[in-house]
Amino acid sequence: MLETDKLTKKFKDTLAVDDVSLELRKGESVGLLGPNGAGKSTAIAMISTLLKPSSGDVRLHGKSVLKDPGDMRRVLGVVPQKIALYEELSAYENLKFFGRLYGLSGKKLEQRIGYVLDLVGLADRKKELVKHYSGGMQRRVNLAAAMMHEPEVLIMDEPTVGIDPQSRNHLLETIRRLNREEGMTVLYTSHYMEEVEKLCDRVYIMDHGKVIAQGTKEKLKAILSDQETVWIEFDQSYPELFKKLSEIEGVQHADADERSLKLIIPKGMRLLASLFHEAERHGAQVTNVHVQTPTLEDVFLRLTGRTLRD
Amino acid sequence: MGAFLIKDIMLLLRDRYELIILLAMPFLLIAILGFSLRGIFSGDLEALEMDVALVSEDNEAQGIEAVQNNVDGMGLSQEAEQALKQLAESASPQTMLTSLLDSEEISGLVAIERMGREQAEENLEAQSVDAIIIVPDGFTQSALNNMLFGASGGAQLEVLAADGASPKSDVLVSILEEFVRTVNFESSISRLAGDRATVEISGGIETITAQKSMTSFQYYTVSMAVMFVLFVGSAVARQANLEQRQMVFERIRLSNRPPLLYLSSKAVAAAAIVFIQLSLLFGLSTLLFQTFAADSWDFWLGIALISVVLAVSVGCLAAFMVALTLRVESDAVPAIFSAGVISLMAFVGGSFVPLDGMPESIRTIGSWTPNGAALSAYFSWMLDPDVHQLSGPLARICMVCVLFLAAALALFPRKGGAA
Ligand SMILES: Nc1ncnc2c1ncn2[C@@H]1O[C@H](COP(=O)(O)OP(=O)(O)O)[C@@H](O)[C@H]1O
Ligand SMILES: [Mg+2]
């Protein structure tokens, strides 16, 4: 129902979004994954008609929205990266204001406010000023405000940045429910791959303004089907041993932590024998070995040589 | 529109900082200035006490008689003659001056001693008096001729002041000028070399009964009010900047409301807030300091009219500032405005010092500021509730409104499309 065609945005000398073509089908939950500065927010601003593309097009039901953004704006519920709320007003007053902007009034307005407040679980604290809320609660109202006009598509720009795990789970659960139970189409932007992995059917991975990979989670992970991730835990830190292990022939990538080491190796490589051999030589004790199925994080690592948090 | 208005006004009422600036500060200033400078307006300020010699070289009785004889020769009806003669006697300028100087208010401020010219000048030399008021020969006659028959020339009062006594003599001059204004003659003061000021009196008979002047509370209630309404402009612009930074503005755009609705709501909100602010300032001042007579409907109607026009003009100013703030995407606009521009406007508008002594150019600029024009409208209404006298300043305010609106429309970022 919604697509972008070779969407490009240039700010002076930075190419923030470069030739991005996305597609959103009805009822789908799509993830836009990429590290900070990848161009996610810029892409979303263009999709939601807030920013004019340098070139390319955004289409809703096959019709360009650049000239007449009205239809798109009616259909979209946008949750911006920032808390786009009046801090000096209560959650209830914020929702009332945004509801009235969309022409709601009277009983209908009150009903809708009640519904979205229930949705984000803040019905009993709606009278408090937004500035007195925790970061997580503010994020929840931020979502509620985007839901006031019963949008068909929910576009979220890193809605979980800087919030406590409990609020985060609540928010993710809410979005999941909206998508699964109410058929809401969702475009979810994040640099947390766990979230995208948990929430989305299909994923676009962005880096440096470009989409570098796309497809269902399974398809993306198949990129790594010829690889395995081995995660080894030791009783303490052994920098020399870690270095040695990283240099074993065949190891494609190594990522050392305090007491653990993550190695990406070709499928079928016989690593364990040499691992225990080297460990013994260094007098190290292996406390845990775990062969992981690849994550989207690993996919990103493979594609770019960097982690999402870099 | 309603949603925007309610939200904007609610936000302002919750902003303690803005409320202090918009209400508490002007009210405090009205109270402080009203009390401490009461003397300048009514004369019980001991600190300014000065000794003044009054030298009369004028023969009052002779002057009145001459004028009355003059009336005889005009061939008027018996009654008219009688009335004019009566008037000449009761309106004698010198008597009025004397009673002013002897009045309770002035006598606390200025100690008047009548003496001959030579002695007065000696005393001035010896600094035992601070100034001399000279009522020149023929004063009564020419003043009355002027008043009753509109004869040109007019009478003059002279003030001689000792060197270095200038602040005090300024007060004296303004009192005399006030005297002139009190009987509502046209007046002008021209300062001469050697600290000599001349108060010229000329004018017509028809205005002689309008005996009104202003109290310090009236003066400062008006001048502070017209100054502090300007802060509503920066408050509203600051709000717009916050909306832009916090991306609430984006949300508003997403609702697909016409962008101009946003701008006009800001203007209307500002105007509404200004009107509330003015009502509170005038109301509280009257309630606590008995600044204005509370029971005159006509008087308050005029004040309300001027306040509405002033409120609308600040609304237009706010629209202009909002447009500019959104255009440059910075809160520097309201910051500069409230830190500097307002003081400047208040100064040229006459909120700090009366503009009587200012150069013509400053007075002209001041008369074109919304606050300056409103100030003179308020003052003129307070001294003489005549609607016709309001048309000048109010028309100027309206023209300035149109300018502000045009500038606002030119600057406002048209983000209606996918821009
Ligand atoms: N208004 C702007 N002006 C100039 N550069 C911008 C602007 N907005 C974003 N950028 C740049 O574009 C790139 C992408 O930014 P953004 O879309 O915010 O990335 P993300 O949301 O993925 O973190 C960054 O390099 C950023 O510095
Ligand atoms: Mg971003």
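Okay, here's what the table says:
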quantity	calculated
Cα centroid of the range B:345-405 to Cα centroid of the range A:103-127, whole Å	49
Using a Förster distance of 25 Å, the FRET efficiency for A:Arg306-A:Phe11 (Cβ separation, nearest 0.05)	0.65
Per-peptide average of other Cβ atoms within 10 Å, ordering A:230-236, A:246-252 highest first	A:230-236, A:246-252
Förster-model FRET efficiency, 41 Å R0, A:Ser246 and A:His208, C-beta, rounded to 0.05	0.95
The range B:1-30 versus the range A:276-302: alpha-carbon centroid distance in Å	63
Other-chain or far-sequence residues with amide H under 5 Å of A:Gln227's (modelled H)	A:Lys267
Spin-label zone in the range B:47-87 - amide nitrogen under 15 Å from a point set 7 Å from the Cα of B:Ser99 along the C-beta vector	B:86-87
Cα-projected label distance for A:Arg25 with B:Val308, points at 7 Å along beta-carbon direction, nm	6.3
Rounded to whole Hz, the Karplus (6.51, -1.76, 1.60) HN-Hα couplings of the range A:188-199, x for glycine and proline	10, 9, 6, 10, 9, 5, 4, 4, 4, 5, 6, 9
Cα lying deepest toward the dipole's positive end in the range A:226-293, options A:Gly250, A:His282, A:Leu263, charges on Cβ	A:Gly250
Dipole moment magnitude, nearest 20 debye, chain A about Cα centre, only Lys, Arg, Asp, Glu C-beta charged	1220
Inter-probe distance in nm under a simple model that places probes 7 Å from Cα toward Cβ, at A:Lys267 and B:Ile336	6.6
Partner chain coverage, peptide A:83-92 - average Cβ within 10 angstrom	4
Percentage relative contact order, the range A:42-114, counting C-alpha pairs under 8 Å, at least six apart	18
Cα centre as origin, Lys/Arg/Asp/Glu Cβ charges: the protein assembly as shown dipole, Debye	5760
Degrees separating the helix A:272-281 axis from the principal Cα axis of chain A, which is the longest one	70
Amide H partners (placed H, <5 Å) of A:Ile212, local residues excluded	A:Ile205, A:Met206, A:Asp207
Average beta-carbon neighbours from other chains, 10 Å sphere, peptide B:244-252	6
Considering only chain A, percent of DSSP beta bridges that pair antiparallel, nearest 5	65
Karplus-derived 3J(HN,Hα), 6.51/-1.76/1.60, for each residue of the range B:56-71, Hz, glycine and proline x	10, 9, 9, 9, 5, 4, 4, x, 4, 4, 4, 5, 5, 4, 4, 4
Theoretical FRET efficiency, 1/(1+(r/R0)^6), r = Cβ-Cβ of A:Glu173 and A:Gln236, R0 45 Å, to 0.05	0.70
Selection from A:Val116, B:Gly116, B:Leu144 lying farthest towards where the dipole of the protein assembly as shown points positive, charges on Cβ	A:Val116
Farthest positive-ward along the protein assembly as shown dipole, Cα basis, beta-carbon charges - from B:Asn70, A:Leu187, A:Asn94	A:Leu187
Bridge type composition, the protein assembly as shown - antiparallel percent by DSSP, nearest 5	65
Karplus 3J(HN,Hα) series, Hz, for the range B:5-19 with 6.51 cos²θ - 1.76 cosθ + 1.60 (x for Gly, Pro)	4, 4, 4, 4, 5, 4, 4, 5, 5, 8, 8, 4, 4, 5, 4
Cut-off under 5 Å, modelled amide H: who pairs with A:Ala256 long-range	A:Lys262
Check: the range A:226-293 dipole with +1 on Lys, Arg Cβ and -1 on Asp, Glu Cβ, in debye	120
Entries in A:Lys10/B:Lys7; A:Lys9/A:Lys267; A:Lys67/A:Lys210; A:Lys40/A:Lys131 that, when Cα-Cα distance is taken, lie over 29 Å	A:Lys10/B:Lys7; A:Lys9/A:Lys267
Burial ranking of peptide ranges B:134-142, B:224-232 (average Cβ count within 10 Å, highest at the top)	B:224-232, B:134-142
Separation of the A:Asp257 and B:Ile9 label points, Cα + 7 Å toward Cβ, nm	5.8
Per the protein assembly as shown, cysteines lacking a partner by the 4.7 Å Cβ criterion	A:Cys200, B:Cys398
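Each value in this text was obtained by applying a stated rule to the coordinates, not by laboratory testing. Remember, it's a predicted structure, so these values are computed and weren't measured experimentally. In this analysis, Cβ positions are derived from the backbone assuming ideal geometry, glycine residues included, and neighbour counts consider all displayed protein chains.
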